[in-house]
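Inspection log for the structure reproduced underneath, given as structure tokens.
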Amino acid sequence: MYDERGSHLFEEITRIPEYYPTAAEREILLAYSADIAERCGAEALVELGPGASDKTIALIDALAEAGTLRSYTGVDVAGEALRDSLGSLCERFPDLEVTGVVGDFTCDLDRVPTGDNRLIVFLGGTVGNLGPAERASFLSMVAKKLSPGEGLLLGVDLVKDPARLLAAYDDADGITAEFEKNVLAVVNRSLDADFDLDRFEYQARWDSELLEVRMSLRSVGAQTVSLGALDMRLDLDDGEEIHTESSYKFTRDGIAAELEQAGFVTMGLWTDPCADFAVVLAQRASSTEPLVGMPQHGGATKQAGTVAPPSPDIHSYHAVRTATEALAAPLSPEDQTVQTMPDVSPTKWHRAHVTWFFEQFVLMPHRDGYRPVDERYLYLWNSYYEGAGPRHPRPDRGHISRPGVGEVTAYRDTVDEAMHDLLCREPSPAVLRLIELGLHHEQQHQELLLMDIKHVLGTNPLKPAYRLTRPPAAAPAGSLSWTRHEGGVEEIGVNSGEHFAFDNESPRHRVYLDPFEIADRLVTVGEWLEFVDDGGYQRPELWLSDGWAWLSSSPGAPRQAPLYWWCEDGVWWAYTLYGPAPIDPALPVVHVSYYEADAFARWAGARLPTEEEWEAVASRQAEPSAPAIALHPDTAVESGITQLYGSAWQWTSSAYLPYPGFEPAAGAVGEYNGKFMVGQHVLRGGAAITPPGHTRVTYRNFFPPAAQWPMTGVRLARNSD
């Protein structure tokens, strides 16, 4: 219901003082087009409903400056306006291939040229003209037209003061009213109707529940309208309204959730200084299997299916590196720079550090003629390897605003090219072992990335979500039961060379165990709440001395619950990577320190297992299997010993010490584990956020007893006669 006059009227609307969206969106594109271009690197730009294409010029300029853009296609129902727009673009960008499609973008996307690395641009907040169901269908259709990795750039109007919203849609000069009445003029021509435009008044209303500006034409007096082409009559009462248009507004989390549901991964969101409007960049996700390490969106359960550990070959190398980028993709540059405590590292630091590992330990010593990307990076991205030289202090990593996220991406790309070249040259077994270590090291940092960004977002007063697609409510957990182990001599650990393992898992050795029993599942939120309600955090007889001191001296003291829990109006809530939610009693409790786990076990009349007891039981169970990361653990639904892997790292009572005969690797990489064997406790198993292929029965994780920010949980044990 749009014609040439409607196009001209809309262009007038975009220039009236009350109509902020056009100016706000233009301001965003002028400020951030270079950033958008860097993130998407589009070769073909397809704009839906371009109008005069004046706002898009900044984006075309940025893509042209980046050297990626080859073609532009405009899709618009108004042929004359489209021809004018394309002519202007041809004059301004003579080297750009410019084409147009006269059609309705809601049904003519099949006519859009195919190609590599396309970016569909849908600006102006026009997506808000579609109702929720229609919008979901449209976004899904766009996703299906794109190949994985191609992008969508979307302009959306944000929720704000209703008075400002309504002023934008009911201007003092009456241009919007004329635009809406033009719909009736189009109907008159198209359907041989006889609407009298002077007998209708324009109305605009705000619905705060639907987030909708609803526009309509109200009949002035009773009237009858004839629609000749349909052979029908329309009787209207005085004051009866014809709904002409809706303009839906969005919250940041809301549009991110809609994009994710349609099959996109949000790559960035930019607003004007007043946060009136937003431009969102989203990437088409894979339509088949999730990327290795990419979080599942539809639920938290890690489904069965063994994923092999990474091996030192080109395929594994690129799979692991791609998985890291997929985990960082939903985060803005600001998200990736924040450090909320000394233990937390910024996302961009993780991305750079794992790249530094390959540069420092593989490329520099083993690729002839290799020179570091930037000598300063050897200092900036080192973590704790004293043998590799000085390093930037860990607590100060969040002070580094530059190099920025884009420069870190360029660093990763340059090192990846060099690593690809090295892997093609059949490196020696010793070099392959270093590459294999580097891949497992990067998987560790994938989990750390999620741990750390959860702390960044979870301590933000707004508590924004990392991912918005929340899994369904958990099934009730069964009652806790116990499995008996008869004790005796057991073999623990792995012999060097059997398969990949970190040096702290060796050598394999014998231990003697007394008979014991171990719980068949992890402690649940509901069981932990009983501990809280029974005064567990106020009873010193349950706590180790250091634990009791930690309760009263740590940030947020006195502690009353696990990390990320809070009580509001008598209801306990928890922050998850899906955002805040009321606690679910069926789920495993997570983010508890060793001190809390030990106190709970004592309250429950049990104890924590030793790491030898845990491995003796786990070695008789199925191998760990999970096809993808989940963002939160699910309930235990199977019988027998469950939740060994894929839910939470489980505290043991064992101090982190070397196995008998332990020898660290030679050189700086020997600092990987051995020098931390004091003042820490061993955790076993694996968490929901642990990358697939990274867990095994002999894996020894370790953290200080006060650590809560890892995804830690509790499995009980007790002595048996």
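Given (1) surrounded by fewer than 21 Cβ atoms within 10 Å (Cβ to Cβ); (2) modelled with pLDDT under 90; (3) within 38 Å of the chain's Cα centre (by Cα), where does Ser85 come up short, assuming only one miss?
With respect to (1) surrounded by fewer than 21 Cβ atoms within 10 Å (Cβ to Cβ); (2) modelled with pLDDT under 90; (3) within 38 Å of the chain's Cα centre (by Cα), Ser85 is out only on (1).
Surrounded by fewer than 20 Cβ atoms within 10 Å (Cβ to Cβ), hydrophobic (A, V, I, L, M, F, W, C) and touching a residue at least 12 places away in the same chain (Cβ under 8 Å): is that true of Met364 in this structure?
Details: surrounded by fewer than 20 Cβ atoms within 10 Å (Cβ to Cβ): yes; hydrophobic (A, V, I, L, M, F, W, C): yes; touching a residue at least 12 places away in the same chain (Cβ under 8 Å): no.
The answer is no for Met364.
Just the residues that are in a helix (DSSP H, G or I), at pLDDT 90 or above and charged (D, E, K, R), please, taken from region 53-73.
Residue satisfying the conditions is Asp61 alone.
Between a first residue in region 32-54 that is surrounded by fewer than 19 Cβ atoms within 10 Å (Cβ to Cβ) and a second residue that is hydroxyl-bearing (Ser, Thr, Tyr), which pairs have beta carbons less than 7 Å apart while being 6 or more apart in sequence or on different chains?
Gly41/Thr68; Glu43/Thr68; Ala52/Ser85
Which condition from (1) in a loop (DSSP other than H, G, I, E, B); (2) in contact (Cβ under 8 Å) with a residue 60 or more places away in the chain; (3) under 27 Å from Phe600 (Cβ atoms) is the one that Ala648 breaks?
Failing condition for Ala648: (1).
Given the residues Ala557, Ala561, Ala549, which is the only one that is touching a residue at least 12 places away in the same chain (Cβ under 8 Å) and either in the same structural domain as Met341 (by TED's automatic domain parsing) or within 22 Å of Glu596 (Cβ to Cβ) (or both)? Give the derivation first.
On the way: Ala557 fails: touching a residue at least 12 places away in the same chain (Cβ under 8 Å); Ala549 fails: touching a residue at least 12 places away in the same chain (Cβ under 8 Å).
Unique residue meeting the criteria: Ala561.
Checking Glu541 against (1) assigned to a helix (DSSP H, G or I); (2) surrounded by 14 or more Cβ atoms within 10 Å (Cβ to Cβ): exactly one of these is not met. Which one?
So the condition that Glu541 fails would be (2).
Within region 325-375, count every residue that is touching a Gly at 6+ places or on another chain (Cβ under 9 Å), modelled with pLDDT of 95 or more and assigned to a loop (DSSP other than H, G, I, E, B).
Summing the residues that are touching a Gly at 6+ places or on another chain (Cβ under 9 Å), modelled with pLDDT of 95 or more and assigned to a loop (DSSP other than H, G, I, E, B) in region 325-375 gives 6.
So that you can scan it fast, the table gives a plain yes or no per residue for (1) among the polar types (S, T, N, Q); (2) crowded, with 17+ Cβ neighbours inside 10 Å; (3) not assigned by TED's automatic domain parsing to the domain that holds Tyr578:
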| site | (1), (2), (3) |
| --- | --- |
| Arg397 | no, yes, yes |
| Tyr411 | no, yes, yes |
| Ala475 | no, no, yes |
| Thr483 | yes, no, yes |
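Within region 455-524, which strands (runs of 3 or more DSSP E) (wholly inside it) include 3 or more residues that are among the hydrophobic types (A, V, I, L, M, F, W, C) and farther than 25 Å from Trp565 by Cβ? I'd like the intermediate steps shown before the answer.
On the way: elements: 482-485, 488-492, 509-513, 516-519.
Result: empty, no element qualifies.
Being free of Cβ contacts under 8 Å to residues at least 12 places away in the same chain, within 30 Å of Glu260 (Cβ to Cβ) and not small (Gly, Ala, Ser), is that true of even one residue in region 148-167?
Checked region 148-167: at least one residue is free of Cβ contacts under 8 Å to residues at least 12 places away in the same chain, within 30 Å of Glu260 (Cβ to Cβ) and not small (Gly, Ala, Ser).
Just a yes or no: is a residue in region 645-653 surrounded by fewer than 19 Cβ atoms within 10 Å (Cβ to Cβ), of a type in the set (Ser, Thr, Tyr) and touching a strand residue (DSSP E or B) at 6+ places or on another chain (Cβ under 7 Å)?
Scanning region 645-653 turns up at least one residue that is surrounded by fewer than 19 Cβ atoms within 10 Å (Cβ to Cβ), of a type in the set (Ser, Thr, Tyr) and touching a strand residue (DSSP E or B) at 6+ places or on another chain (Cβ under 7 Å).
Any residue at all in region 181-197 that's in a strand (DSSP E or B) and in contact with a strand residue (DSSP E or B) (Cβ under 6 Å, 6 or more places away or on another chain)? Talk me through it step by step, then tell me what you get.
Residues of region 181-197 that are in a strand (DSSP E or B), as a first pass: 193.
From what is left, the residues that are in contact with a strand residue (DSSP E or B) (Cβ under 6 Å, 6 or more places away or on another chain) are 193.
Checked region 181-197: at least one residue is in a strand (DSSP E or B) and in contact with a strand residue (DSSP E or B) (Cβ under 6 Å, 6 or more places away or on another chain).
Kindly provide the set of residues from region 672-693 that are surrounded by fewer than 24 Cβ atoms within 10 Å (Cβ to Cβ) and assigned to a loop (DSSP other than H, G, I, E, B), ordered by number.
Tyr672, Asn673, Met677, Val678, Gly679, Gln680
Quick test for you: out of Leu644, Leu631, pick the one residue that is under 20 Å from Arg508 (Cβ atoms), of a type in the set (A, V, I, L, M, F, W, C) and out of contact with any Asp or Glu (no Cβ under 9 Å at 6 or more places or on another chain).
Exactly one residue qualifies, and that residue is Leu644.
From the set of residues in region 144-161 that are at pLDDT 90 or above and not β-branched (Val, Ile, Thr), which is nearest to Asp253 (Cα to Cα)?
Ranking the candidates gives Leu158 first.
If you go through region 552-563 one residue at a time, how many are surrounded by 20 or more Cβ atoms within 10 Å (Cβ to Cβ) and either hydrophobic (A, V, I, L, M, F, W, C) or in contact with a Lys or Arg (Cβ under 8 Å, 6 or more places away or on another chain) (or both)?
Matching residues across region 552-563 total 2.
Table: residues versus (1) surrounded by fewer than 20 Cβ atoms within 10 Å (Cβ to Cβ); (2) farther than 21 Å from Thr176 by Cα; (3) in the same structural domain as Ala177 (by TED's automatic domain parsing); (4) more than 30 Å from the chain's Cα centre (by Cα).
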residue	(1), (2), (3), (4)
Phe195	no, no, yes, yes
Gly221	yes, yes, yes, yes
Leu234	yes, yes, yes, yes
Glu240	yes, no, yes, yes
His243	yes, no, yes, yes
Gly254	yes, yes, no, no
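Within region 10-28, track down each residue that is among the β-branched types (Val, Ile, Thr) and either farther than 17 Å from Thr271 by Cβ or surrounded by fewer than 20 Cβ atoms within 10 Å (Cβ to Cβ) (or both).
Ile13, Thr14, Ile16
Check whether at least one residue in region 705-712 is in contact with a His (Cβ under 9 Å, 6 or more places away or on another chain), crowded, with 24+ Cβ neighbours inside 10 Å, touching a residue at least 24 places away in the same chain (Cβ under 8 Å) and part of a strand (DSSP E or B), and report yes or no.
yes
If I filter region 126-133 for residues that are surrounded by fewer than 20 Cβ atoms within 10 Å (Cβ to Cβ), polar (S, T, N, Q) and touching a strand residue (DSSP E or B) at 6+ places or on another chain (Cβ under 7 Å), do I get at least one hit?
There is at least one residue in region 126-133 that is surrounded by fewer than 20 Cβ atoms within 10 Å (Cβ to Cβ), polar (S, T, N, Q) and touching a strand residue (DSSP E or B) at 6+ places or on another chain (Cβ under 7 Å).
Considering Pro624, Pro633, Pro609, Pro585, which residue is buried (at least 24 other Cβ atoms within 10 Å of the Cβ), part of a loop (DSSP other than H, G, I, E, B) and under 33 Å from the mean Cα position of the chain (by Cα)? Even if it seems obvious, please write down each step before you answer.
Details: Pro624 fails: buried (at least 24 other Cβ atoms within 10 Å of the Cβ); Pro609 fails: under 33 Å from the mean Cα position of the chain (by Cα); Pro585 fails: buried (at least 24 other Cβ atoms within 10 Å of the Cβ).
Exactly one of Pro624, Pro633, Pro609, Pro585 is buried (at least 24 other Cβ atoms within 10 Å of the Cβ), part of a loop (DSSP other than H, G, I, E, B) and under 33 Å from the mean Cα position of the chain (by Cα), namely Pro633.
Of all residues being more than 24 Å from the chain's Cα centre (by Cα), part of a loop (DSSP other than H, G, I, E, B) and modelled with pLDDT of 85 or more in region 104-134, which is nearest to Thr271 (Cα to Cα)? Just the residue, please.
In this case the residue turns out to be Gly124.
Test Ala204 against the criterion of being small (Gly, Ala, Ser) and either at pLDDT below 90 or buried (at least 19 other Cβ atoms within 10 Å of the Cβ) (or both), and give yes or no.
When the stated conditions are applied, Ala204 passes them.
The values are calculated or read from the model by the stated rules, or taken from the named source; none is laboratory data. This structure is a prediction, so every number in the text was calculated from the model and none was measured. Methodologically, a virtual Cβ is constructed for each residue, glycine included, from the backbone with ideal geometry; neighbour enumeration extends over all protein chains shown.
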